[in-house]
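Everything on this sheet refers to the single structure shown next.
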Amino acid sequence: MFLVEGFYNLTTNVDIIVVGVLMEPAKAAVYFATIKTLALVHFVYFAVRAAAANRFSKYHYSGDRLRMAAFLRHTLHWSFWPSIAISIALLIVGRPLLSLLGPSFVEGYPLLFIFVIGLIIRASVGPAESLLTMAGEQRICTMVYVSVFALNLALNFLLIPRWGLHGAAIATSIALLAEALALALAIIVHSRLGFRCWIGFAIKPLDRPAEAN
């Protein structure tokens, strides 16, 4: 669990570090301010994850798959729709918010649209890693986050020299897409869980014999 949290934080901050290494301080400041403007979207994810973890553990270890499926459905809605609403609001007010820091910071406004795509994709699978971790599948989460961190790091070094701050934003959004797909697939195909964890699906247990648990 320590590795899961550690590599998650590395994944969400590696772009800031690489921008600071490869670009001048003024550009790094614009990038940092733009990312922090989206803190409210991240807060939705953290809030749902914190509230859901103990319920995931309770339903998993009691063997109550129906309640687990219903609760998972709720967490997906709690994660996705508020993230959509806050993202739209931030896109509307993002330019004046960034301008409060100085005229040069408005340069980061177009990056918000790139970041929002990644964050919404991430929100579409809800607190998937919490479900896996509370179900004793933290090794899968660790593998996912180590892989996503490596992907994000490589993409940042590849794209920033070509496209600057836009390259960093694209790299991060691609990494979030990879994370969401990996976590969703881990839950769909894993024999111990068998849930469909994506906002587009009706969340329910797969049709498998009860003794598979």
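The values are calculated or read from the model by the stated rules, or taken from the named source; none is laboratory data. Values in this document were obtained by computation on a predicted structure and should not be read as measured data. Cβ: placed from backbone, ideal geometry, glycine included. Neighbour counts: every protein chain shown. For the accessible areas, the whole protein counts, side chains as well, though only heavy atoms, and no ligand, DNA or RNA atoms are used. Shrake-Rupley method; radii C 1.70, N 1.55, O 1.52, S 1.80 Å.
Observations
- Residues that are among the charged types (D, E, K, R), closer than 21 Å to Y109 by Cβ, assigned to a helix (DSSP H, G or I) and without any contact (Cβ under 8 Å) to a residue 60 or more places away in the chain are absent from segment 41-62.
- Criterion (aromatic (F, W, Y) and touching a Gly at 6+ places or on another chain (Cβ under 9 Å)) met by exactly one of Y59, Y109: Y109
Matching residues to (1) over 23 Å from N156 (Cβ atoms); (2) modelled with pLDDT under 95:
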residue	(1), (2)
T75	yes, yes
S87	no, no
Y109	no, no
I114	no, no
E129	no, yes
G136	yes, yes
I140	yes, yes
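- Residues of segment 162-212 that turn out to be part of a loop (DSSP other than H, G, I, E, B), open to solvent by 50 Å² or more (accessible area, probe 1.4 Å) and at pLDDT 90 or above, as a count: 0
- Answer residue from segment 18-32, given it is more than 18 Å from A150 (Cα to Cα) and aliphatic (A, V, I, L, M) and is surrounded by the most Cβ atoms within 10 Å (Cβ to Cβ) among those: V30
- Considering segment 51-60, and only residues there that are open to solvent by 50 Å² or more (accessible area, probe 1.4 Å) and at pLDDT 90 or above, the residue that is farthest from A123 (Cα to Cα) turns out to be K58.
- Total residues in segment 71-86 satisfying the condition of being open to solvent by less than 50 Å² (accessible area, probe 1.4 Å) and closer than 16 Å to W198 by Cβ: the figure is 8.
- Taking the conditions (1) of a type outside the set (A, V, I, L, M, F, W, C); (2) in contact with a Lys or Arg (Cβ under 7 Å, 6 or more places away or on another chain); (3) more than 16 Å from T133 (Cα to Cα) in turn, Y59 satisfies each one other than (3).
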